1. So, by mean Cβ neighbours within 10 angstrom, what's the order for 101-107, 74-80 with the highest one leading?
2. Given R₀ = 25 Å, FRET efficiency for residue 156-residue 60 by Cβ-Cβ distance, to 0.05?
3. Would you mind calculating the relative contact order of segment 48-163 from Cα pairs under 8 angstrom and at least 6 residues apart, reporting the percent as a whole number?
4. Obtain the nm distance between the two label points defined at residue 10 and residue 74 by a simple spin-label model: each point lies 7 Å from its Cα along the Cα-to-C-beta direction.
5. Hey, with R₀ at 45 Å, roughly what FRET efficiency would residue 30 and residue 122 work out to, going by the Cβ-Cβ distance, to 0.05?
6. What nm distance separates the two modelled labels at residue 133 and residue 115, each placed 7 Å from Cα along Cα→Cβ?
């Protein structure tokens, strides 16, 4: 029905139930016709539970530092040997990310081996990893939008952090 699409695209009503109800109110003058009574019945079926139309999102997150295989000494990349296949981190380092989203970004969460370390709510989205830790680990960054979408990026690293 034309009024339904008017509600979605002209009135910018993004909830399907509200858009459907709007279209029925727009045609209230037809209420005495047999088919319209069934259309009013469908308003409750279509609008309960309420479904929303979400705009397509281009959410992406990339861990930008450390990224390359190599040796990082106190946060700086130093020339390394060619056989090193994962980032080797000696001392504290700041994990940096790049986030792209056409939706409102709520926060970026930083994880170490699936354990939440920090939630950053303002750009630049980064976290200084400075707790004592040794061995092979996975660093994960998760971007969360206000619309509920989540995307993540992760890297495997070898950590040697004393303080």
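No value in this document is a laboratory result; all are computed from the given coordinates. Everything numeric here is computed off the predicted structure, so don't read it as measured data. We place every Cβ from the backbone using ideal geometry, glycine too, and count neighbours over all the protein chains shown.
1. Sorting 101-107, 74-80 by mean packing, highest first, produces 101-107, 74-80.
2. Details: r = 20 Å, r/R0 = 0.79.
Efficiency, rounded to the nearest 0.05: 0.80.
3. Reported as a whole number, the value is 29 percent.
4. Modelled inter-label distance: 6.7 nm.
5. 0.30
6. So the two model labels end up 0.8 nm from each other.
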